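Only the coordinates and a few stated rules stand behind these numbers; no lab work does. Predicted model, so just to flag it, every value in this text is computed and none were measured. Reconstructed Cβ throughout: ideal geometry from the backbone, glycine too, with neighbour counts over all protein chains shown.
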Amino acid sequence: MATVAAVLLAGLTGCATEPTDLSKNSIIPRPVSVTPSGESFLLTARSDIFVMPGGPEELVNIGNFLAGKLNPSTGLGMEVISDGRKPGKGDILLTLAQDDPELGDEGYELTITGKLLTVSASQPAGIFRGIQTVRQLLPAEIEADTIREGTWVIPTGTIRDYPLYGHRGVMLDVARHFFGPEDVMRYLDQLALYKMNVLHMHLSDDQGWRIEIKSWPNLTVHGGKTEVGGGEGGFYTQEEYSEIVKYAAERYITIIPEIDMPGHTNAALSSYPELNIGGKAPELYTGIKVGFSTLDTRSETTYRFVDDVVREIAALTPGKYFHIGGDESHVTKPDDYVYFINRVQDIVESHGKSIIGWDEIAHATLKPNTVVQYWARAENAVMGLNQGAKVLMSPAKYAYLDMKYDTASVFGLNWAAYIEVDDAYNWDPAMLVPEITRENITGIEAPLWTETVSTFREAEWLIYPRLAGYAEIGWTPAEMRSWDEYRLRLAEHGKRMEVMDIGFYRSPLVDWEEVTE
Ligand code: ACM
């Protein structure tokens, strides 16, 4: 039920011009099919969110999520109704439909008439993706957390939409610089808007160990206490990590935890001398060099350590995958490396998880269901494919969020490339390497390594707006994507990101729309 103030507000703003052409939307990622019908649907003081009665509780939660996004800015006081009452004019209806193989788990349909806006899907995840489209069909001010004047109008028609790839993710390096649970949750909120479904957390590296392991407490007590540049570092307690996992799940986002090994382990080595070849612990490290550390791959203590770490993290992680790192182990002898990766794969499987690793792991004997994350060497990825693995596409030259945009970029590195917003968008994961085809790609992931950024505000400048393009590459059929058309939609998202207070890079390649007030 709406408040008196909201009724007044709706009355005041009801006379503005109403968009009527659904084909002129700025949705990112671009939907698979949009059919306009030339009228308008208006949210009013009488609007509420109806959820099919007798459906899963998840639908009520999704209804509440949508109400939580729409009410603060509109002041319309929309309620979630699941008791079987019938929706009326101006209402939103969330409903599960018959299984529709084309829509899959995450696809959805929006049917928008002058009277009713219906989001239907086979699975709750699809309803959740669908309501992100509803958000994006409303004016950018919908994202504000205080009341804005606006005509909350949506053009009518139908949208039928589903993702190209099942894995559409980002990686956040919380090891080089630590980012607390609130930053991670802010990121998860942003990812949800762009229909991303994976957050890969790089939880350990030379500079820091960031997750509490109860059986090896010094990992965080000692190994978590600094970061690049010598700042104070930090770590997640297991309770905090579990909260992140839950917050992600409420947004239909899976957390993939990564413990990078046998290299990139200085923080662990510094915490426990017995993990080192020679048994002597090094100092903590706050620089940005790579490739100088290794676990002792021929010591049973190491495998007891790995087993404990994987067991504790796997128990807190409902997702299917555990990421074992495996990159840049330059001081591990090749035979030792292969021996180590083979043993660690057994450990990960024994705790019920499938394995992801950076492309170097293809040198080992891969288990069925393993995913090789291509970042550097196509020949490694192809070697993985030849062992029956699938490939996750994160080629550094195109997909690394920590690469500078151009020579003037204040943050970021440039060892792989400069990646302007058009470069980030203008590539097709299935066209980079002849052997790596659509069928054997699980999806796309954009990593942010955090050597050069120490606050999430700084990270946002590298992440946005490139993230929107990666989201579209992962979702939208390649033949429907073109930079010239995309940059117009992205321009509208400048306004949206501004309202959301995202500190994005205003690339000169885009004619950013500004908030007018
Ligand atoms: C990596 O960038 N070392 C995976």
Quick check of the Kirkwood formula: for the range 27-82, what is the inverse mean of 1/r over all pairs of different Cα atoms, in Å?
13.2 Å
Exactly which GluC sites (Glu not before Pro) in the range 266-373 are in a DSSP loop and have at most 13 other Cβ atoms within 10 Å?
Glu283
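For the range 93-193, what relative contact order do you get, as a whole percent, if you take Cα pairs closer than 8 Å and at least 6 residues apart?
26 percent
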Span per principal axis, largest first, for the Cα atoms of the range 400-517 (Å)
49, 32, 22
Going highest first, how would you order 151-162, 466-477, 32-43 by mean Cβ packing within 10 Å?
466-477, 151-162, 32-43
Helix 334-350 versus the longest principal axis of the chain: what is the Cα-based angle in degrees, 0 to 90, to the nearest 10?
50 degrees
Using helices alone, what [θ] at 222 nm do you get for the chain, with -39,500 (n - 2.57) per DSSP H run of 4 or more residues, divided over all residues and rounded to the nearest 500?
-9500 deg cm²/dmol
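Run the numbers on the range 358-477 and let me know its relative contact order in percent, using alpha-carbon pairs under 8 Å that are six or more apart.
Result for the range 358-477 is 24 percent.
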Just want the ordering: His200, His363, from fewest to most Cβ atoms lying within 10 Å of their own Cβ.
His363, His200
Using the Kirkwood formula on the Cα atoms of the range 163-301, what hydrodynamic radius do you get, in angstrom to one decimal?
15.6 Å
Could you tell me the center-to-center distance, by alpha carbons, between the range 348-426 and the range 148-167 in angstrom?
31 Å
Suppose we keep just the alpha-carbon trace of the range 310-385; what are its Rg and Dmax in angstrom?
12.1, 34
Using a ≥ b ≥ c from the Cα gyration tensor of the range 251-307 (square roots of the eigenvalues), is it rounded, prolate or oblate, where a/c under 1.5 gives rounded and otherwise the larger of a/b and b/c decides, a/b for prolate?
oblate
Hull-based mean projected area of the range 108-210, where the convex hull spans the alpha carbons, in square nanometres
8.6 nm²
What is the range 32-138 by shape, rounded, prolate or oblate, if you read a ≥ b ≥ c off the alpha carbon gyration tensor as root eigenvalues and call it rounded for a/c under 1.5, prolate for a/b larger than b/c, and oblate otherwise?
oblate
Shape descriptors of the chain over alpha-carbon atoms, Rg and Dmax in angstrom, are 23.8, 77
Rounded to the nearest 5, what is the percent of antiparallel bridges among the DSSP beta bridges in the chain?
30 percent
Anything over 27 Å Cα to Cα? Flag those among Lys225/Lys333; Lys195/Lys367; Lys69/Lys495; Lys24/Lys89, in the order listed.
Lys225/Lys333; Lys195/Lys367
Between helix 238-249 and the chain, what is the angle of the helix's C-alpha long axis to the longest principal axis, kept within 0 to 90° and rounded to the nearest 10?
40 degrees
For the chain, the charge dipole (Cβ of Lys, Arg +1; Cβ of Asp, Glu -1; about the Cα centre) points to a positive end, and the Cα of Thr35, Val510, Leu401 closest to that extreme belongs to Thr35
Within the range 298-350, list the trypsin sites (Lys or Arg not before Pro) lying in a DSSP loop whose Cβ has at most 15 other Cβ atoms in a 10 Å radius.
Arg298, Lys320
Computed Rg/Rh for the range 381-442 (Cα atoms; Rh = Kirkwood radius) stands at 1.07
Tilt of helix 483-499 relative to the longest C-alpha principal axis of the chain, in degrees (0 to 90, nearest 10)?
80 degrees
Computed about the Cα centre, the charge dipole of the chain from +1 Lys/Arg and -1 Asp/Glu charges at the Cβ has a magnitude in debye, to the nearest 20, of 540 debye
Would you list Trp461, Trp375, Trp358 from fewest to most Cβ contacts within 10 Å?
Trp461, Trp375, Trp358
In Å, what is the Rg of the alpha-carbon atoms in the range 423-488, and how long is Dmax?
13.8, 39
Using the Kirkwood formula over every pair of different C-alpha atoms, what hydrodynamic radius in Å results for the range 300-444?
16.4 Å
If each part is reduced to its alpha-carbon centroid, the range 470-517 and the range 27-81 end up apart, in Å, by 23 Å
Let's see if you can work this out: charge +1 on each Lys and Arg Cβ, -1 on each Asp and Glu Cβ, no other charges. What is the dipole magnitude of the range 249-298 about its Cα centre, in debye to the nearest 20?
120 debye
